[in-house]
1. Scan segment 107-121 and report the pairs whose first residue is within 17 Å of residue 167 (Cα to Cα) and whose second residue is assigned to a helix (DSSP H, G or I), with Cβ atoms within less than 6 Å and a gap of 6+ or a chain change.
2. Applying the selection to segment 32-43, what residues are farther than 14 Å from residue 83 by Cβ and either surrounded by 19 or more Cβ atoms within 10 Å (Cβ to Cβ) or in contact with a helix residue (DSSP H, G or I) (Cβ under 9 Å, 6 or more places away or on another chain) (or both)?
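The values are calculated or read from the model by the stated rules, or taken from the named source; none is laboratory data. Owing to the predicted nature of the structure, the values given are computational and were not obtained by experimental measurement. Don't worry about glycine lacking a Cβ; one is built from the backbone with ideal geometry, like all the others, and counts go over all protein chains shown.
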């Protein structure tokens, strides 16, 4: 008996669980359009997962499909809420500007995209690394001050900064 291809396995997973996932998301989010988008994004994440690359011909299967889909969908919900919160804060800051200083709609979109990319970049850092980096970049604190605030050694702060800078350099376009 021949095993299904990765594409066939994912198509079966989609057919078996997409409706359930969309309903679960709609109950959590209270919005049908957001639920549909996140359900699609969840399966898109699975499609783009390393296990599903053409080089790997083994069938793509899950033992606990709904549990796994729920984990992926929850992460996407957190990202959605964070993105919307960031957008709301940006729009609130824009409202404080005089009309002549406000950016054009195109500039707003570019700024929002950049803010979302920065947020994702920083979110990928461990908490102390992110805190050290932000204290240095936004508050201009030196390593000794950062070490005192984070209750770590200066040597740790140096390591955190190297890690943060390397992360930024590796992920920069």
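1. That search, which allows pairs on different chains as well, returns 115/86; 116/83; 119/86; 121/171.
2. If the condition is that a residue be farther than 14 Å from residue 83 by Cβ and either surrounded by 19 or more Cβ atoms within 10 Å (Cβ to Cβ) or in contact with a helix residue (DSSP H, G or I) (Cβ under 9 Å, 6 or more places away or on another chain) (or both), then 32, 35, 36, 39, 40, 42, 43 are the ones that fit.
Matching residues to (1) more than 30 Å from residue 17 (Cα to Cα); (2) modelled with pLDDT of 85 or more:
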site	(1), (2)
57	no, no
61	no, no
92	yes, yes
97	yes, no
